[in-house]
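Visitor: Shown below is the structure under consideration.
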Amino acid sequence: MWLEPIELKRQTVTLVPLHKDHASDLAAAVADGDLHKLWYTNVPEPEGVPAEINRRLTLLAKGSMVPFAVVDGSGTTVGMTTFVNIDAAHQRVESGST
């Protein structure tokens, strides 16, 4: 695949390849404010975070998604985002599923 997981680092946030080890921080993040209850987005319930990570990693293995964990300056995983709608022929991606 022409697009491989990479680390994207800035001063206050880093995107790292998503891993199952991010599950506990992500469960805490989605529990803060009941984000899974929002009608205009799709956020898993805290106990559904491992399944969502597995779903994204499966799509990575199929070449249709490159998932990242969003890590803040303190080293806490605070979210997820992805490269989706991967167009290998034109080497183009869309960022989404944040």
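The values are calculated or read from the model by the stated rules, or taken from the named source; none is laboratory data. It should be emphasised that the depicted structure is a prediction, and the values quoted were computed from it without experimental measurement. We place every Cβ from the backbone using ideal geometry, glycine too, and count neighbours over all the protein chains shown.
Visitor: Suppose the filter is surrounded by 15 or more Cβ atoms within 10 Å (Cβ to Cβ) and touching a Phe, Trp or Tyr at 6+ places or on another chain (Cβ under 7 Å); does VAL16 pass it?
Guide: Yes.
Visitor: Hey, another quick one. Show the residue pairs meeting these rules: Cβ distance below 6 Å; 6+ apart or different chains; first residue within the range 23-41 and touching a residue at least 24 places away in the same chain (Cβ under 8 Å); second residue surrounded by 15 or more Cβ atoms within 10 Å (Cβ to Cβ) and not in a helix (DSSP H, G or I).
Guide: ASP25/THR77; LEU26/THR77; ALA29/VAL78
Residue by residue, here is whether (1) over 30 Å from ALA89 (Cβ atoms); (2) out of contact with any Ser or Thr (no Cβ under 9 Å at 6 or more places or on another chain); (3) of a type in the set (Asp, Glu) holds:
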| position | (1), (2), (3) |
| --- | --- |
| LEU3 | no, yes, no |
| GLU7 | no, no, yes |
| VAL13 | yes, yes, no |
| LYS20 | yes, yes, no |
| SER24 | yes, no, no |
| HIS36 | yes, yes, no |
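Visitor: Scan the range 53-84 residue by residue and report those that are among the charged types (D, E, K, R) and either touching a strand residue (DSSP E or B) at 6+ places or on another chain (Cβ under 8 Å) or at pLDDT below 95 (or both).
Guide: Within the range 53-84, ARG56, LYS62, ASP72 qualify.
Visitor: Is there a residue being in contact with an Asp or Glu (Cβ under 9 Å, 6 or more places away or on another chain) and among the small types (Gly, Ala, Ser) anywhere in the range 57-65?
Guide: No: zero hits.
Visitor: Quick one: would you say THR98 is of a type in the set (S, T, N, Q) and modelled with pLDDT of 95 or more?
Guide: Taking the combined requirement at face value, the residue does not satisfy it.
Visitor: VAL13 passes all but one of (1) over 13 Å from the mean Cα position of the chain (by Cα); (2) without any contact (Cβ under 8 Å) to a residue 60 or more places away in the chain; which number fails?
Guide: (2)
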